[in-house]
């Protein structure tokens, strides 16, 4: 059964796209069939996957507005996963969906015809709570929340958890928190260590064991249109995302057996 994971945080710059691209690549490396959905108009996951967002004849915007079908939009990547790419056109869908009935179910309905082809579908969300993010949360089974271990991250987390609670209550009772992912982590930073300990105290097993370190290879890889796993598989960043993929797969197996 397919697992649909939304990667989201209303705070920008916490590693959502880095996580989306590298988790997709890591899962693909374990021979899983993976689809990455770029639902952010910035199109960073598209570019980071080696697809030029400026050269797209059709993209996710056309799919959401029913002006194209999935086969026309899906692209293959060199990392072994498929992607529904996006660019600035997606702002058209963001505005147009506001006028449509059942607008929050548009992405979920699209995935109905695609779910049989994949074991994991990863959705890279924009850093705002808008119609696109709501579509992602309605379509998803679970949420991974990347966050830096800093004071303001804890403040933003409270608002995000309330948003997830509201969507669970209103339109997607199956949505759950897959886990909190500590990103850009530097163990030499006392505040980072303190915030990490607070997360573990408050959320326990909901915090992934895997910690994503600050790593120059993770920062460099997108400029080459590659995942860190392709760019430097032995780097600390790549190894961390391979470990995260293993943890995600293990959690899925444990839930299936429960």
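Every test in (1) within 27 Å of residue 238 (Cβ to Cβ); (2) free of Cβ contacts under 8 Å to residues at least 60 places away in the same chain; (3) touching a helix residue (DSSP H, G or I) at 6+ places or on another chain (Cβ under 7 Å) is passed by residue 146 save one, and that test is (2). Here residue 99 does not fit the description of being closer than 20 Å to residue 122 by Cα and exposed (fewer than 14 other Cβ atoms within 10 Å of the Cβ). Scanning region 106-118 for residues that are farther than 16 Å from residue 5 by Cα and in contact with a helix residue (DSSP H, G or I) (Cβ under 6 Å, 6 or more places away or on another chain) returns a single hit, 106.
Could you tell me whether region 76-88 includes any residue that is buried (at least 19 other Cβ atoms within 10 Å of the Cβ) and over 16 Å from residue 122 (Cα atoms)? Yes, there is a match, as at least one residue in region 76-88 is buried (at least 19 other Cβ atoms within 10 Å of the Cβ) and over 16 Å from residue 122 (Cα atoms). When region 135-185 is filtered for residues that are at pLDDT 95 or above, in a helix (DSSP H, G or I) and closer than 30 Å to residue 215 by Cα, the ones remaining, listed by number, are 136, 137. Taking first residues from region 160-175 that are on the phi < 0 side of the Ramachandran plot and touching a residue at least 60 places away in the same chain (Cβ under 8 Å) and partners that are in a helix (DSSP H, G or I) and surrounded by 11 or more Cβ atoms within 10 Å (Cβ to Cβ), the Cβ contacts under 7 Å between residues at least 6 apart in sequence or on separate chains come to 171/104; 171/138.
Within region 1-12, being touching a strand residue (DSSP E or B) at 6+ places or on another chain (Cβ under 9 Å), surrounded by fewer than 24 Cβ atoms within 10 Å (Cβ to Cβ) and assigned to a loop (DSSP other than H, G, I, E, B) holds for 2, 11.
In this structure, is residue 90 touching a helix residue (DSSP H, G or I) at 6+ places or on another chain (Cβ under 6 Å), at pLDDT below 95 and farther than 13 Å from residue 8 by Cα? No; evaluated as a whole, the condition is false for this residue.
The helices (runs of 4 or more DSSP H) found entirely in region 13-131 that carry 1 or more residues being out of contact with any strand residue (DSSP E or B) (no Cβ under 8 Å at 6 or more places or on another chain), in contact (Cβ under 8 Å) with a residue 24 or more places away in the chain and within 25 Å of residue 247 (Cβ to Cβ) are 16-29, 44-48.
The values are calculated or read from the model by the stated rules, or taken from the named source; none is laboratory data. These numbers were taken from a predicted model, which means no experiment stands behind them. Cβ: placed from backbone, ideal geometry, glycine included. Neighbour counts: every protein chain shown.
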